[in-house]
């Protein structure tokens, strides 16, 4: 009975969430009729001995390796599948891994998903929830000592982005700057969000682009600057937000085109269950500031896809 209830909760969490169609609202749920899915040993059997699970390099590589290993260890126990952890050097490498057939599962950013979907037919099954929200933002931050008060003040300045395939760390902020008619003096790509903040803090760059999440009700910051607050306690004062982008759908968990649906479903359930554990909550928060997953479809990314085409 206990096993059935646990399974029922997991089915509820995966199946009852619907994609929001308004900005920054928590996903609403309704209680469905719970039925146990019959098992089929043949379709559950992996087509290869080890499934390759890829992670994006959004934070320090060591942090990704340590926390990623915890995730796949848990999934092995839940699904019976064996996984190999991979951390790519950049977002494009993850897309390429799906193209060569090397990747089976990946946690990638939204822009990378659109490219991988178009080129290699990957499917998105889960979408991250961060601080109760299914969307996030990009932000342009500046070094407070540079006297930058408006977008026009970025003319001729050095701007640090994360990666050309980053939505919050490049695409959306870059569009804002371009639409303002501003021409930076120099553009650099730092690779990671916390590295961008560090470059702006140290004055290596005048401004930079990173992800933004709203602060807590008590005012505690939760954007990319928060990752450096232990090392630089005054980062909030020295690195200021200039502007914030339109909302961006949170990062998806994607599966290779030829991975059986039954397998992706089982792995998705395992990821949801992991977020119900204390270790899972801590691990995913350190890794991607994620506190949950909701069911998603490709249509959730249509607005972002349109922005890419503009």
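Just so it is clear, none of the values below were taken in a lab; they were calculated from the coordinates. Not measured: the values here are computed from a predicted model. Glycine also receives a Cβ, built like all others from the backbone with ideal geometry; neighbour counts cover every protein chain displayed.
General remarks:
- Taken as Cα centroids, the stretch 83-101 and the stretch 174-237 sit 26 Å apart, rounded to the nearest whole angstrom.
- Computed FRET value (nearest 0.05) for residue 310 with residue 214, which takes r as the C-beta separation and R₀ as 25 Å: 0.45
- For the stretch 259-310: rounded, prolate or oblate by the Cα gyration tensor [a/c cutoff 1.5]: oblate
- Whole-Å distance, taken between Cα centres, linking the stretch 248-297 and the stretch 119-166: 22 Å
- Using only alpha carbons, the stretch 135-248 has a radius of gyration to Kirkwood radius ratio (Rg to Rh) of 0.93.
- Using a Förster distance of 25 Å, the FRET efficiency for residue 188-residue 63 (Cβ separation, nearest 0.05): 0.65
- Taking the DSSP bridge list for the stretch 135-248 and keeping only pairs wholly inside it, about 65 percent are antiparallel.
- Expressed as a whole percent, the proportion of Cα-Cα pairs in the stretch 167-310 lying more than 22 Å apart is 53%.
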